[in-house]
Each structure stands twice: as structure tokens, then as C-alpha cells.
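Rule-based calculations on the coordinates, nothing more; no lab input. Predicted model only: the values in this text are computed from it and were never measured. With ideal geometry, Cβ positions are generated from the backbone for all residues, glycine too; neighbour counts draw on all protein chains shown.
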Amino acid sequence: MADTSVSFVSLGCAKNLVDSEKMLGLLAEAGCAIVGDGGEADVAVVNTCGFLESSRREALDVLGELAEQKRAGRLGRIVVAGCLVQRDGQRLIEAVPEIDALVGVNNRADIVRAVAAEAQTSTSQKVKKSKRDAGEPAVYLGDYHPASWVGANRSDRVRLRLTPQHYAYLRISEGCNQKCTFCTIPSIRGPMHSKTVDEILAEARELIADGAVEIVLIGQDTTSYGQDVGDGPGLAGLLGALNRLDGVEWIRLMYVYPSVLTDEILDAIAECDRVVNYIDMPLQHIDDRVLKAMHRRVTRRQSEDLLARIRDRIPGVAIRTTLIAGFPGETDEAFEALDSFIRDFRFDALGVFPYSSEPGTPAHRMAEPVPPDVIEQRVDRLMRTQQEVAFARARSRAGERFRVLIDDFGRDGVLPARHAGQAPEVDSVVYVGDSEAEPGGFVDVRCVGSKDYDLIARPVAAGLPILQEKAVSD
């Protein structure tokens, strides 16, 4: 495969990005020449997201463009991988006949075979053939099974990273056992299965050696880490182990599930000096009737008590959440309660998804659907409410001093950066002027103003004290 050039398109979330990086690593090890996204290549690989219908449309748009290139003779093969493959299977080939191979999420080690157009597989993998007349695409698709989740199907080491060198995502578990009624992830990714602490530490050391000073912990449900393998210390113990590694400056926790977020985990975040005071915890809603219909296993009272405990046990914590607007049965009263909740709690960061009715989920069969135009209006209003909160919080930070991580070279002498309360790619940023720092470097700054969601800062003069890194948020 030394003469095979591969163009790779990665769609979806950070968890999908890790899969893309691993597949790129496997292809590079096999001798493929990796070209930039959209560059001319012998083979195009698209790693898809299948979480929402909007994700499916995005993937089909990309595949449609590649199909045109193939029909025009500018592309040899199209290989499709990821969640949408696991969800739709060979229906994708019916939608885009130009597809040459499908690789499911549990079969990513077969990406090399798919690119190389080889039909042979190991004894544990069965290749099904499409019934399409013109050609017979190879389909590498199987359900998760513990016995097969080994080697390249499990380990995320030896990746070809797509993130900047100074930060990296580290997946600590795969799959989910929560069974929220709106979510397709359990049917796509399977039940939860955790990596061992030793596996995670080995991967973390590899990422640090590759230049990462910030490690972002991800999984469909990070708070349940270790429960499936009987790991007593669980997430709290893992945070402590990672905190003892040399070379990492920031460890960030994403995708926290509220019903299993314990005081032990909160205390570990507060006590580990390299674990930043940041929690990404999707709440989805606050109305008790909606929460029950979502099968979130928490009530409004429990959510509010948990949020109060988080702020009490982790001084200066930044809390990010995501919500769903327009879930079936969401009354005007339930929506108004959600809007008031956003205004009153003052989240550091917040995103809102319009409810998407996904076939195969329990919510898809629920009565009392909310009309699409009403869902759109509700999303817009919730985001406008959060905008008021976020703009006010940004203005209130003028004069604060904190530490930032430079993310890019920027332009005109202004460098985009983040403080510990800002996650890469999803949160606001800090624009730092008058600094010669480079990406991956840390700078102590003073906030001198704000522009909408973002902060504007200047380096702190030598000798002036700064706030502790663990207290960067109100």
C-alpha cells in the first residue's frame, strides 16, 4: 500500500475524532500517504457521525461530493466508517452506490483492508457482500463483544493526531449503559466498556511525549468509568493516577453524567492540582416530567442540589452543560421553567440542541410531539437567554488575572488562548495581545475587557501576583 494516497474526512464529536486519529495511524503504519482533507487521493475515507438526523445529512452531503469525484475519474475508492455505518449498514450503499467499503465502529482495525480493497478478514470477522450489481463492496460490520475488543479495536495508542500538538483527547471508556430515551449511542456503540487504568496511563504518557500539555478525558459517560470492570477507585482513582504523571499541565473532564457524579469525584477534581476546575455535564432539561420521559434518572431538585454541591466543593469551578429543546411533551410551562433555570443558575457555558426524533429510540414513539417551528423558536430563545448571561459574565471578569494556554499563532499580534475554564473547540476563548508566546505555551494575563463571549487580555507585568490557576471562574 506504499503507493496508495488517502484523503480522510472526520465528522462528529471528539470521541469520533479519536477513532479517526487511530485509523489514520493504522493507515500510516501500513505505508499509505495521507493527504489533506479534500486533497486529491486514490482513496477517500469518511468517518461519519450518526447521532442525529442532521449528522446523517452532513455525511451524505460529503459522500455525494466524493461520488461526483469518483464518477469524474478523480477518485478511485470511497470508504465510509463510523457511527452512521454502524447505524444504517448497507442502506448507505443504496443511498450512495459509489461506496466501495463500509467499516463499523467495532471494526476499525479493518480500515486498512477496506482501503486496500482486500476481501480477506481474520477468523473473528465476517465480510458480508452487498447485493448491488455493479461491484460488491466489502462490509466490515459487527456488534461489540468483549472477546473481540482487543488490539487495534480497543487501544487508541499510536494515533496520527488531528488536534494541535499541545492538547489531545483521551478516551477512557466506550459505549453507554444509561439508556436515555432520545439517544442512539447505546445501539451504535454498545454497552459501556472501560479501559484499564494501566492502558489509560500508557496512552497518556504517549500523548505527553508527543507534546500534549493538556489532556481532555472523554467517553459517552465518563462518571461511570470502571463500574463495568469492577474497578473500585473508579473515576476518582483514575484522576488521582493521571494527576501524578509528569509533563501534563491540565487534565480536563468532559461528558459527566449527573446521576452518577459522586462527592468522591468532586473532591478528586478539587484536590488534584493538574485536574482543572471544569465540569462538562449535559443536563438536557430541568422539568421533572420531561426528565422522567427522557429517562435521565434525576429530578429537578436532585439536579439543583448537585449543582450547588459542585460549586461548594470545587471553588471557582466552571460548569458547562447542554440542553434539549422541544422534547415530546415539553409544555409551555416546562419550557418557561427551563428558560428561567438558565437565567438563574448562570452557567459558564451552555449549548442547546433541537430535539431530533431518531428512529429506533423510545422517544421516537412518544406522543405530544412539539412542532418543528416551535422547537426552532425555543432553541433561539434559550440561546438568547444564555447569551445575556455569558456576555454579562465576560464583562464582569475585567481586571481578573489568570493563566492561559496559547492555542494558535493568531494574527496581527493577537493570540487565541484559553483559561482553565474553557475547553478546546466548544467554549469561548481569550485573545491575548502583546505576547510573543507560541502555541502550547502558558502565559499569566490580566483581563482588560471582553467582546461578546470572548475575553481580551494582556500579559501580567513581571513581579505582579496572579490568581491561582484553580480559581479562574466566578
| field | CD proxy at 222 nm, helix term only [per DSSP H run n ≥ 4: -39500 (n - 2.57); per residue of the chain; nearest 500] | value | -9500 deg cm²/dmol
| query | Under Stokes-Einstein, with the Kirkwood radius over Cα pairs standing in for Rh, what whole-number D in µm²/s applies to the chain at 10 °C and 1.306 mPa s? | reply | 67 µm²/s
| query | How large are Rg and Dmax for the stretch 401-459 when only the alpha carbon atoms are used, in Å? | reply | 9.9, 25
| In the neighborhood of L338, defined by Cβ-to-Cβ distances under 9 Å, what is the net charge if each Lys or Arg adds +1 and each Asp or Glu adds -1? | -3
| request: Along each of the three principal axes of the Cα atoms of the stretch 262-353, give the extent in whole Å, ordering the values from largest to smallest. | output: 43, 22, 19
| request: Take each of the peptides 371-377, 329-335, average the number of other beta-carbon atoms within 10 Å over its residues, and list them starting from the highest. | output: 329-335, 371-377
| About its Cα centre, how strong a charge dipole does the chain have in debye, to the nearest 20, once Lys and Arg get +1 and Asp and Glu get -1 at the Cβ? | 640 debye
| field | Partnerless cysteines, meaning none of the other Cys C-beta atoms lie under 4.7 Å away, in the chain | value | C13, C32, C49, C83, C176, C272, C447
| note | Note, G410: beta-carbon cut-off 15 Å, +1 each Lys/Arg, -1 each Asp/Glu, net -3
| said: Taking every alpha carbon pair in the stretch 207-320, what does the distance histogram look like in 10 angstrom bins from 0, in percent? | reply: 13, 44, 32, 9, 2
| request: State, as an integer percentage, the relative contact order of the stretch 151-392 based on alpha-carbon contacts under 8 Å between residues 6 or more apart. | output: 16 percent
| request: Order these peptides, 8-18, 266-276, by their mean beta-carbon neighbour count within 10 angstrom, highest first. | output: 8-18, 266-276
| Once both labels are modelled 7 Å past Cα along the beta-carbon direction, what's the A461-E388 spacing in nm? | 4.0 nm
| note | Residues of the stretch 213-230 with backbone N under 16 Å of the label point set 7 Å from the Cα of E264 along Cα→Cβ are 222-230
| With each label point set 7 Å from Cα along the Cα-Cβ vector, what nm distance links D344 and T299? | 1.6 nm
| field | Overall form of the stretch 151-392 per C-alpha gyration tensor (a/c, 1.5; a/b vs b/c) | value | prolate
| request: Please sort 359-367, 158-166 by packing, taking for each peptide the average over its residues of neighbouring beta carbons within 10 angstrom, highest first. | output: 158-166, 359-367
| field | Fully extended contour minus Cα-Cα distance, from S5 to V229, at 0.36 nm per residue | value | 76.6 nm
